[in-house]
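Quick notes on the structure that follows.
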Amino acid sequence: MENRKVQDLAPRSAPVQGRSRERTRLILDVTSELLEKVGFDDLTTVLIAKGVGISVGSLYHYYPNKHAILHALGLRWLEEIEQALGTIAGWSVESMDSDELLDKMLTTHLAVYRKQRAVLTLVQAMFAVPELRELDTRHDDMVIGHMAEIFRRMGIQRHPKERERLGRFYLEMTHAAFLVIVNQNGQRARRTLDDLRMVMSTWLQHHLQ
């Protein structure tokens, strides 16, 4: 059963030619737009194919079903999260002021959420749909692991399991707030981000003492 699910989520073939890579990118971009417009339940391969400008049969040459397309979309988002975390890891964390570091981390991390259209719907699907749930787990483990190492470099000399606990707290707090912020506009979004920054700064200073 597990092998069947993996096969069902796999693209039909890896895009090699430039035209195939562009078509794959377009399929994912259109899926993002449709998630924003119609939501997960009303998203269909018929709508996706129409948005791309191809037949459903042609769409199936790239992905076997809706879940496979969402899986690929989720993977692309996770890759961008990983790139953001890699950027943070490349900073001179040890010598940075903690508030400056926190502000830069939040800004860098939030930018990935803002870039992904319908991110809330995508995240909900990753959590709720059994075929996509491993993406949610992979996301959590990745953020927790990276942040535990950042906290070590900042000078939080605790047991590794305790730093992982702190990494999970960072994940849960920021993830929830980012999903709110990306659905707010202007001043409301800025105020929510300021509140998140204030809470996280107080929390971080406590553990740096």
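The values are calculated or read from the model by the stated rules, or taken from the named source; none is laboratory data. Computed from a predicted structure; not experimentally measured. Glycine gets a Cβ as well: all are built from the backbone with ideal geometry, and neighbour counts include every protein chain shown. Surface accessibility is based on the protein's heavy atoms, side chains included, excluding ligands, DNA and RNA. Shrake-Rupley method; radii C 1.70, N 1.55, O 1.52, S 1.80 Å.
Things worth noting here:
- Selection of the stretch 68-83 for residues being small (G, A, S) and within 18 Å of L120 (Cβ to Cβ) yields only G74.
- Evaluating D103 against the criteria (1) in contact with a Lys or Arg (Cβ under 8 Å, 6 or more places away or on another chain); (2) buried (at least 17 other Cβ atoms within 10 Å of the Cβ); (3) within 21 Å of T202 (Cα to Cα) leaves one unmet condition, (2).
- The number of residues in the stretch 119-171 that are among the aromatic types (F, W, Y) and in contact with a His (Cβ under 9 Å, 6 or more places away or on another chain) comes to 1.
- Meets criteria (in contact (Cβ under 8 Å) with a residue 60 or more places away in the chain and either open to solvent by less than 10 Å² (accessible area, probe 1.4 Å) or of a type in the set (G, A, S) (or both)) for I156: no
- Boolean, D8 is open to solvent by less than 90 Å² (accessible area, probe 1.4 Å), modelled with pLDDT under 85, assigned to a helix (DSSP H, G or I) and not basic (K, R): yes
- Of all residues in the stretch 114-143 being closer than 15 Å to I81 by Cα and open to solvent by 80 Å² or more (accessible area, probe 1.4 Å), the one that is modelled with the lowest pLDDT: R117
- In the stretch 35-59, residue farthest from V129 (Cα to Cα) [restricted to those that are under 18 Å from the mean Cα position of the chain (by Cα) and either in a helix (DSSP H, G or I) or of a type in the set (G, A, S) (or both)]: E36
- Scanning the stretch 159-192 for residues that are of a type outside the set (F, W, Y), more than 22 Å from V93 (Cα to Cα) and either open to solvent by less than 90 Å² (accessible area, probe 1.4 Å) or in contact with a helix residue (DSSP H, G or I) (Cβ under 7 Å, 6 or more places away or on another chain) (or both) yields A176, A177, L179, V180, I181, V182, N183, Q184, G186, A189, T192.
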